[in-house]
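Student: Dropping the structure in here first, questions after.
The values are calculated or read from the model by the stated rules, or taken from the named source; none is laboratory data. It should be emphasised that the depicted structure is a prediction, and the values quoted were computed from it without experimental measurement. Counting neighbours? That spans all protein chains shown, and the Cβs are built from the backbone with ideal geometry, glycine included.
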Amino acid sequence: MGVNADKPQRWKEDIAHSVDFYNDWFLRFAPKAYRDTRQRTTDQVQSALRWTRYLRDVSPGLLREHPRVLQMLRMATAPPIARDRLIGLAKVSRNLVSSMEDKGRVPPRMSNEQAKSELDAVGSMIRRLADADIFPWLKSKRKPTDTEVYRAATIVADRLCGAVANPIIRNAQEKRQLRTVRRWLAERDYTFMPSGWKLRVADMKAGQFAFHLSVPVHLDEDRRINIPVDAAIMPRKACAGELPLLVEAKAAGDFTNVNKRRKEEAIKITQLRRTYGDDVRYVLFLCGYFDSGYLGYEAAEGIDWVWEHRIDDLAELGL
């Protein structure tokens, strides 16, 4: 007996409630999440400006010492340039730019000569495209005032946050969803197990739950990978050898993106079943814009779900 997947007669009403639930949260909390992130980013940009002597030093040495500053520098140009555009304009390797921004380092296997040459090309392009309206002190070759530095930092921070606005909102939403699940379970005497213990799902005991675990699955006889799971919950009445309930928290602010990514859950459940058998339980915890097309697709794959606006449905899963 399913919880929601086998009850299409109530999908339409649930979709409407879920959209209202998400919109209410967004209007009340998303602006604050964005503002808080923007303030932290402004502070980081001010630090980056100090490191670069307010954009007067974009030398290979500076870029090697502070590689992550590159993302900020891309937003300091007119117009702001995407990562691929910088790679094309400066004629440098994708590996260099990706490593600097994602890993915070110059590729360790890149020779010193190549690194210096490419870093010099990056610095030259940044200096050439630097936004004179945001950094007026560059043209007049003077020291900027504190007000000018703060104003420039807020503009660059806005550009940075604008480029990652959706991830900021998704991150805030996921944290809220997991807090909601944790509170619901705590009220029913479940014990939270910090994932920092490197807990494995096979080690969980009845009445325990954990967030952000990696579950090993087999791709084939020779290949094995770990897939991330937002929550693993072992029912208090679980039998010996039983696997925990695996929960994926999903929130969406529009109908389009969910249908683009709906195959992700189908791939996960296929990998889980191949490894642990058909009895593995994997459900979605949904909030926001999930339409009948999405729900029908997941139901056809044998995936059930619980709506956040009706979280007590978790009890129907033996919790």
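Student: Which of the residues belonging to region 263-290 are under 15 Å from ALA251 (Cα atoms) and surrounded by 19 or more Cβ atoms within 10 Å (Cβ to Cβ)?
Tutor: Looking only at region 263-290, we keep the residues that are under 15 Å from ALA251 (Cα atoms), and these are 264-265, 283-290.
Residues satisfying the conditions are GLU265, VAL283, LEU284, PHE285, LEU286, CYS287, GLY288, TYR289, PHE290.
Student: Just to check your reading of the model, which residue among ALA157, ALA121 is within 23 Å of the chain's Cα centre (by Cα), small (Gly, Ala, Ser) and more than 30 Å from ALA231 (Cα to Cα)?
Tutor: After applying the criteria, what remains is ALA157.
Student: Now, a different point. Given the options ALA48, ALA30, ALA5, name the one that is assigned to a helix (DSSP H, G or I) and over 30 Å from PRO136 (Cα atoms).
Tutor: None of the other options fit; the residue is ALA30.
Student: Also: Tell me which of these ARG53 doesn't satisfy, since it passes every other one: (1) farther than 20 Å from SER99 by Cβ; (2) of a type in the set (D, E, K, R); (3) assigned to a helix (DSSP H, G or I); (4) at pLDDT 90 or above.
Tutor: (3)
Student: Out of all the residues in region 207-221, which are assigned to a strand (DSSP E or B) and either of a type in the set (Gly, Ala, Ser) or over 17 Å from GLY277 (Cβ atoms) (or both)?
Tutor: Of everything in region 207-221, those that are assigned to a strand (DSSP E or B) and either of a type in the set (Gly, Ala, Ser) or over 17 Å from GLY277 (Cβ atoms) (or both) turn out to be GLN208, PHE209, ALA210, PHE211, HIS212, LEU213, SER214.
Student: Let me ask something else. Count, please, the residues in region 129-146 that happen to be over 33 Å from the mean Cα position of the chain (by Cα) and not in a loop (DSSP other than H, G, I, E, B).
Tutor: Of the residues in region 129-146, 5 are over 33 Å from the mean Cα position of the chain (by Cα) and not in a loop (DSSP other than H, G, I, E, B).
Student: Something else now. Considering only residues of region 22-32 that are buried (at least 18 other Cβ atoms within 10 Å of the Cβ) and either among the hydrophobic types (A, V, I, L, M, F, W, C) or modelled with pLDDT under 80 (or both), which is farthest from ARG281 (Cα to Cα)? Spell out how you get there, then give the answer.
Tutor: Restricting attention to region 22-32, the residues satisfying the condition of being buried (at least 18 other Cβ atoms within 10 Å of the Cβ) are 22, 25, 30.
With either among the hydrophobic types (A, V, I, L, M, F, W, C) or modelled with pLDDT under 80 (or both) added as a condition, the list becomes 25, 30.
Details: TRP25: 29, ALA30: 32 Å.
For region 22-32, the residue satisfying everything is ALA30.
Student: Kindly provide the set of residues from region 236-252 that are surrounded by fewer than 18 Cβ atoms within 10 Å (Cβ to Cβ) and either in contact with a Lys or Arg (Cβ under 8 Å, 6 or more places away or on another chain) or not aliphatic (A, V, I, L, M) (or both), ordered by number.
Tutor: Going through region 236-252, the residues surrounded by fewer than 18 Cβ atoms within 10 Å (Cβ to Cβ) turn out to be 236-237, 239-242.
Selection gives ARG236, LYS237, CYS239, GLY241, GLU242.
Student: Which residue is farthest from ASN166 (Cα to Cα), if the candidates are limited to region 285-319 and must be touching a strand residue (DSSP E or B) at 6+ places or on another chain (Cβ under 8 Å) and among the small types (Gly, Ala, Ser)?
Tutor: Restricting to residues being touching a strand residue (DSSP E or B) at 6+ places or on another chain (Cβ under 8 Å) and among the small types (Gly, Ala, Ser), the top hit is GLY318.
Student: Determine, yes or no, whether THR41 is over 30 Å from PHE290 (Cβ atoms) and in contact with a Cys (Cβ under 9 Å, 6 or more places away or on another chain).
Tutor: Considered against the rule, which asks whether it is over 30 Å from PHE290 (Cβ atoms) and in contact with a Cys (Cβ under 9 Å, 6 or more places away or on another chain), THR41 comes out as yes.
Student: Looking only at region 61-114, which residues are part of a helix (DSSP H, G or I) and polar (S, T, N, Q)?
Tutor: Of everything in region 61-114, those that are part of a helix (DSSP H, G or I) and polar (S, T, N, Q) turn out to be GLN71, ASN95, SER98, SER99, ASN112, GLN114.
Student: Going by what's in this entry, would MET193 be described as crowded, with 19+ Cβ neighbours inside 10 Å, aliphatic (A, V, I, L, M), farther than 30 Å from ALA16 by Cα and modelled with pLDDT of 85 or more?
Tutor: The answer is no for MET193.
Student: Out of ALA82, ALA78, report the one residue that is within 22 Å of ASN166 (Cβ to Cβ), out of contact with any Gly (no Cβ under 6 Å at 6 or more places or on another chain) and not hydroxyl-bearing (Ser, Thr, Tyr).
Tutor: The unique qualifying residue is ALA82.
Student: Report, by residue number, each residue of region 277-319 that is among the small types (Gly, Ala, Ser) and under 23 Å from the mean Cα position of the chain (by Cα).
Tutor: Listed by number, the list holds a single entry, GLY288.
Student: Something else about it: Quick check on my filter: what residues within region 241-264 are polar (S, T, N, Q) and either over 15 Å from ALA299 (Cα atoms) or not assigned by TED's automatic domain parsing to the domain that holds ALA231 (or both)?
Tutor: Of everything in region 241-264, those that are polar (S, T, N, Q) and either over 15 Å from ALA299 (Cα atoms) or not assigned by TED's automatic domain parsing to the domain that holds ALA231 (or both) turn out to be THR256, ASN257.
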